[in-house]
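Beneath this line is the structure, given in structure tokens, with notes to follow.
Please treat every number below as a calculation from the coordinates, not as lab data. The structure presented is a predicted model; accordingly, all values stated were derived computationally and were not measured. Note: ideal-geometry Cβ built from the backbone for every residue, glycine included; neighbour counts use all protein chains shown.
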Amino acid sequence: VDVMDTIESNNYNIYFQNSLSELASFVEKGGYSRFFILTDENTAKYCLPLLRERLGDPDNFDIIEVNAGEESKDIDFCIGVWKMLIDFGADRQSLLINLGGGVISDLGGFAASTFKRGIDFVHVPTTLLSQVDASVGGKTGIDINSIKNIIGTFTQPKAVFIEGEFLKTLPSRQILSGTAEMLKHGLICDAEYWNQLKQSDLTTPADWMVYRSVAIKNAVVLEDPNEKNIRKSLNFGHTIGHAVETYSLINDKDSLSHGEAIAIGMICEAYLSHKKSSLSAEELTEITQVLMNLYPRYNLKTADNTTLIDYMLKDKKNQNGKINCTLLSKIGQFNIDNICTEEELIEGLNYYANL
Ligand code: NAD
Ligand code: ZN
């Protein structure tokens, strides 16, 4: 990919080139009455100065800041955002600019999509995960009692502005969290991309990789915005991965990042792809090695398998109480709606545990 053209999504654009200048002209020409920037502590410190500078240090902007981390994807923080909007006098012609990672885009998108029955919002994603995943596709949401994304809406942003500069202050562990989704994009629908990624230094992903991942995710969600069929391909690694993530959130002081959990999920589900679909033994070994080299080993105890299965049963992706996985028929090709039995899922978990 030489030219990173603007990507057209569901009635909105995803900008790559000079994206912050594009934001400045969007702000100028959009016909909005007021502007609000949602940040967390870190993006207020590391990302807001550049944004302010590119917008010409405007004075008709109000800043709403929440704590950093998943705890902010909570109804109390959401009420806080709504109240700030009310206190600042936001009307229906206001624009909310979500400056941050997936927590900010999910929380801000949800708060905006419900405030006065919906005001416009745009995303300026500042983590790799939010650039290649969370800011594309129109899902917004908050958690309740550690149940992730249990309340939310499908609402598209008015635009997304992707700026590579922001990744320079992102800790390496957060970079690798996003890399897991990029590897997933290759595994589900682009073997050539997977091959390029596995030979690259993924601790500093190049712009073209971000672009290619966004193009893949966008193509998938455009074809199936409401997750009736092919959008489920993006769930590869996530049936088991989400359960491991929830488990770690509850049990570990230093819990797994989303990508670390999804990497584990992808290894287990690659095993199931070999067992239940046509992924070859060589491909399973390749996927396992690439992911084990990138991500730290996590101690999965057999005694916790039933807890993990329990989390999988509570997953909102299930239908009729059956646990569903997206599997690979080969590298670069997926098949959706594979019902997996508890025994099979435990076998997948044990494959990882015994590596
Ligand atoms: P995050 O927003 O919590 O960001 C991770 C950390 O990086 C935070 O501490 C944040 O303050 C910090 N940070 C952000 N930008 C920074 C920068 N440029 N420099 C330094 N630090 C920075 O989490 P995330 O990993 O970006 O996203 C995870 C969330 O995204 C989860 O809640 C997940 O459910 C959601 N998500 C949503 C979708 C979707 O389709 N809506 C898809 C994937 C993930
Ligand atoms: Zn994910």
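Applying the Karplus relation 6.51 cos²θ - 1.76 cosθ + 1.60 with θ = phi - 60° to segment 282-294 yields 3J(HN,Hα) values of 5, 5, 4, 4, 4, 4, 4, 5, 4, 6, 5, 6, 8 Hz, where x marks Gly and Pro. Counted residue by residue at 0.36 nm each, then reduced by the alpha carbon distance between them, the extension gain from GLU342 to VAL3 reaches 117.4 nm. Angle of helix 238-251 to the longest C-alpha principal axis of the chain, folded into 0 to 90 degrees and rounded to 10: 80°.
Fully extended, how many nm does the chain gain between ILE63 and GLN199 (0.36 nm per residue separation, minus their Cα-Cα distance)?
Numbers: separation 136, 0.36 × 136 = 48.96 nm, distance 4.13 nm.
Result for the pair: 44.8 nm of gain on full extension.
Rounded to whole numbers, the Karplus 3J(HN,Hα) couplings from phi for segment 204-219 are 9, x, 7, 3, 5, 5, 4, 4, 5, 5, 4, 4, 5, 4, 4, 4 Hz, using 6.51 cos²θ - 1.76 cosθ + 1.60 with θ = phi - 60°, and x at Gly and Pro.
Near THR153, the amide H atoms lying under 5 Å from its own belong to THR140, GLY141; only residues 5 or more places off or on other chains count, and H is placed 1.01 Å from N.
Could you give log10 I(q)/I(0) at q = 0.23 Å⁻¹ for segment 200-286, computed by the Debye formula over C-alpha point scatterers of equal weight, without solvent? Result of the Debye calculation: -1.17. Label-to-label distance for MET292 and ARG173 is 2.3 nm, based on points extended 7 Å past Cα in the beta-carbon direction. Taking each residue as 0.36 nm, the span from THR155 to LYS275 lengthens on full extension beyond its C-alpha to C-alpha distance by 39.4 nm.
Dimensions of segment 7-169 based on its C-alpha atoms, expressed as ranges along the principal axes with the largest first, amount to 40, 33, 32 Å. With each label modelled as a point 7 angstrom along the Cα→C-beta vector, the THR306-SER33 pair spans 5.8 nm. Taking a Cβ cut-off of under 13 Å around TYR352, the surrounding Lys, Arg, Asp and Glu residues balance to a net charge of -2, with basic ones at +1 and acidic ones at -1. As an equivalent ellipsoid, segment 172-353 spans semi-axes of 23, 19, 16 angstrom, where each value is the square root of five times an eigenvalue of the C-alpha gyration tensor, largest first.
Below 8 Å between Cα atoms, with a sequence gap of 6+, how large is the relative contact order for segment 52-156 in percent? Write down the numbers at each step before the final one.
Values: 149 pairs, mean separation 24.9, N = 105.
Rounded, it is 24 percent for segment 52-156.
Working note: 222 nm ellipticity from helices only, DSSP H runs with n ≥ 4, each -39,500 (n - 2.57), summed and divided by the residues of the chain, gives -14500 deg cm²/dmol to the nearest 500. When LYS317, LYS168, LYS232 are arranged by Cβ crowding within 10 Å, least crowded first, meaning fewest neighbours, the order is LYS168, LYS317, LYS232.
Each residue, ASN11 and LYS317, gets one label point 7 Å from its Cα in the Cβ direction; the gap between the two is 2.8 nm. With N the number of residues in the chain, Rg(Cα) / (2.2 N^0.38 Å) evaluates to 0.97. Using the Cβ-Cβ distance between SER146 and LYS45 with R0 set to 35 Å, the FRET efficiency from 1/(1 + (r/R0)^6) comes to roughly 0.80. Per-residue Cβ neighbour counts within 10 Å put ARG212, ARG117 in the sequence ARG117, ARG212, beginning with the fewest.
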